Amino acid sequence: MADISGHKNEMTFWEHLEEFRKVLFRSAIVLIVLMVVVFVNKNFVFDAVIFAPRSSDFILYRWMTGLADLVGISSISPEPFTLQLQNIELSAQFFTHISVSFSIAFVLATPFILYQLWIFIRPALYPKEKRAVKGAFGWCSLLFFLGVLTGYFFVFPLTINFLGSYQVSEWVKNQISLQSYIHMFIWLVIIMGIVFEMPILLRVLSKLGVISKEILKKYRKHAAIILVILAAIITPSGDAFTLFVVALPLYILYEISILVSFSKQPAEDEKVPS
């Protein structure tokens, strides 16, 4: 802020620390409230949401079956299956309940946390910077949720469908632990939310001059290979269809990143004098 004489009133280190403490406190309150809400709705959260992809009744599998009937390619339709889970540790179910409640609460609280961070850094920005950063924070929340939904409705179901039914021998039966299932669920869903931040990240880097629209276009083929490798890491499946479903949105995000990135600014000696 500026006083009447036009000088900025700079905050001290301790004042900045106090403001940041308020941001953390407000974020923690919202996180705790959402965590309690999720915790008390255990049956809905686990039965209707988290455990829904473990059977053939899940919406993605029904959609794939309908698509297979429509195009006449039976290989697209997944085989009927139900993934059986087991727990062998006394306290595992309780602590799983707590960890899942926290993870879901964190995902739901992401827009509020980003908004609090925006409030914290806003006073230090100029008007032009405020407009740019404010838009970036909004898009971060939107892209994060799109990534989470993609991870939940596509990546995670396809992954457990393959890994849960894969056998090196018919003599070895899969007995999936609760912890393994939950770990895979949280990891894939959140990592897809993070991956979907690619356009915002590349746009900011291009704004800073680290990369440019021209560089992204030049190395488009290299990026496609890297994205396919990333898709293979996220979904360790030998199924080409699964790999395609994961790699396609990543490549679309890369193309979007090119559209929203800035072009290379000419050097000072290359600019035409006015």
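Read-outs: derived from the displayed coordinates by stated rules, not from any lab. In this text, all values refer to a predicted model and were calculated from it rather than measured experimentally. Heads up, the Cβs are rebuilt from the backbone with ideal geometry, glycines too, and the neighbour counts pull from every protein chain shown.
Simple rule: put +1 on each Lys or Arg Cβ and -1 on each Asp or Glu Cβ in the range 41-136, find the dipole, and look at I113, F94, F44; the Cα lying farthest toward the positive end is I113.
About its Cα centre, the range 109-206 has a charge dipole of approximately 540 debye under the convention of +1 per Lys or Arg Cβ and -1 per Asp or Glu Cβ, with nothing else charged.
Only lysine pairs 8 or more places apart, or on different chains, with alpha-carbon atoms under 15 angstrom apart are counted in the chain, and they number 8.
Considering only K264, K173, K42, the mean-square fluctuation computed in a Gaussian network model of the chain, springs between alpha carbons under 10 angstrom, is largest for K173.
The reciprocal of the average 1/r between distinct C-alpha atoms defines the Kirkwood hydrodynamic radius, which for the chain equals 22.1 Å. Over the range 174-234, the reciprocal of the mean inverse Cα-Cα separation, the Kirkwood hydrodynamic radius, stands at 13.9 Å. Using the Kirkwood formula on the Cα atoms of the range 52-187, what hydrodynamic radius do you get, in angstrom to one decimal? About 18.2 Å, per the Kirkwood formula over Cα pairs. Net charge dipole, the range 13-148: roughly 640 debye, given to the nearest 20, about the Cα centre with Cβ charges of +1 for Lys and Arg and -1 for Asp and Glu. Using only side-chain charges placed at the Cβ, +1 for Lys and Arg and -1 for Asp and Glu, the dipole size of the chain relative to its Cα centre rounds to 640 debye.
Computed from Cα atoms, the angle from the helix 198-207 axis to the main principal axis of the chain rounds to 20 degrees. Taking F153, F112, F44 in turn, the Gaussian network model of the chain (Cα-Cα springs below 10 Å) assigns the largest fluctuation to F44.
Based on Cα contacts under 8 Å between residues 6+ apart, the chain shows a relative contact order of 19 percent.
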